[in-house]
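Where a number appears in this text, it was derived from the coordinates with a stated rule and is not lab data. What you see is a predicted model, and the numbers here were worked out from it, not measured in a lab. Cβ placement follows ideal geometry from the backbone for every residue including glycine, while neighbour counts extend to all protein chains displayed.
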Amino acid sequence: MGEVLSGKVLANNLKEDIKNYTKFLKEQGKAAPCLLSIQVGEDPGSEYYISNQQKVSESLGIKFIKKSYGEGIKEDDLLKDIDSANKNPEIHGIIIQLPLPKEININKVLSSISPEKDVDGQSDINISRLYKGEEAFVPCTAESILRLIKSVKDNLQGLRAVVIGRSTIVGKPAANLLLQENATVTICHSKTVNLKEICREADVLVSAIGKPKFIDKEYIKPGAIVIDVGTSSHEGKITGDVDFDSAMEVAAFVTPVPGGVGAVTTSILLDNVCKVYRKYAD
């Protein structure tokens, strides 16, 4: 029987550090770090994430600003507002909630964020820095995945890692971070042949495909670390890609949903906001 790899311990440690920092700033009479979250349209998933970001931000003493736009907003108007936020010294982090309407160029919008305020690591410059192994803001979900893995297995050198999903937000950056830890990485996707057989070779299995309970014990190598990034709505509940009970029969560790990757991701995002604040303060 495997162990639950909860994100709560990692998240709580980060939250405690953030809370202590914002408390210190308040005692010094200084303004709080500030996160701007931008949403276009009314995607339910985005609403869920923004609500959580706001709740956690305010509980930790971070100022949270939400800007919502209708789907009809022109791309140029959105870019002007982002540029204004880039120049505003009172805003320390900017995140764009995805998805965006099809009429808007996602890459152009994400890369319009100043790399110094791009706390979710989505701009071209930060992505380039990541792939070149330079200091950068890394997509928070990918960073959360790595931290969870390393909390139970510090040395990943030589391990076989399989990442299911090739998005620029999760799959590709997670694979790159694992490569930097000297794991041997395979990226799988919807066109992959023999997916089950490939997954069963993985010492570390990361699933980010958005198919509820798709991964069961038949996909898992005995003793593997299983990281579930999925957050689908299934029977009225947020459900992961992994059939948790089935996976626990063979894996060494399995992250729950909720309470796994997502719990750490928001904390990393807000920690990044504080990092930007420190640079401005210096």
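Things to note:
- Centroid-to-centroid separation of segment 105-128 and segment 191-209 [C-alpha atoms, Å]: 29 Å
- Kyte-Doolittle mean at least 1.0, axial Cα span of 15 Å or more - DSSP H helices of the chain: none
- Electrostatic tally near Glu143: other residues with Cβ closer than 11 Å to its Cβ, Lys and Arg +1, Asp and Glu -1, net 0.
- Charges were assigned to the Cβ only: +1 to each Lys and Arg, -1 to each Asp and Glu. The resulting dipole of the chain about its Cα centre is roughly 380 debye.
- Among Phe244, Phe214, sorting on how many other beta-carbon atoms sit within 10 Å of each Cβ, with the fewest leading, yields Phe214, Phe244.
- Per-residue [θ]222 nm for the chain (sum of -39500 (n - 2.57) over DSSP H runs n ≥ 4, rounded to 500): -12500 deg cm²/dmol
- For segment 80-143: rounded, prolate or oblate by the Cα gyration tensor [a/c cutoff 1.5]: oblate
- With 0.36 nm allotted per residue and the present C-alpha distance subtracted, the Asp216-Arg278 stretch has 17.9 nm of extension available.
- Listed residues Ile95, Gly29, Asn107: farthest to the positive end of the dipole of segment 29-114 (Cβ charges): Gly29
- Contact order for the chain, expressed relative to its length and based on alpha carbon pairs under 8 Å spaced 6+ residues apart, stands at 21 percent.
- Separation of alpha-carbon centers, segment 143-189 and segment 27-45, rounded to whole Å: 29 Å
- Each other residue within a Cβ distance under 13 Å of Val242 adds +1 if Lys or Arg and -1 if Asp or Glu, for a net charge of -4.
- Whether segment 29-114 is rounded, prolate or oblate, judged on the alpha carbon gyration tensor where a/c under 1.5 counts as rounded: oblate
- Anisotropy class of segment 140-262 from Cα gyration tensor, a/c 1.5 cut: rounded
- Centroid-to-centroid, using Cα positions, segment 51-69 and segment 1-15 are 22 Å apart.
- Estimated inter-spin distance, Glu235 and Tyr131, nm [label 7 Å along Cα→Cβ]: 4.1 nm
- Once the C-beta distance of Lys66 and Lys191 is scaled by a Förster radius of 25 Å, the resulting FRET efficiency is 0.10 to the nearest 0.05.
- 23 Å tail of the calculated P(r), the chain, as % of Cα pairs: 54 percent
- Restraint check, Lys15/Lys102; Lys117/Lys221; Lys87/Lys132; Lys63/Lys279; Lys150/Lys211, Cα-Cα greater than 29 Å: Lys15/Lys102; Lys117/Lys221
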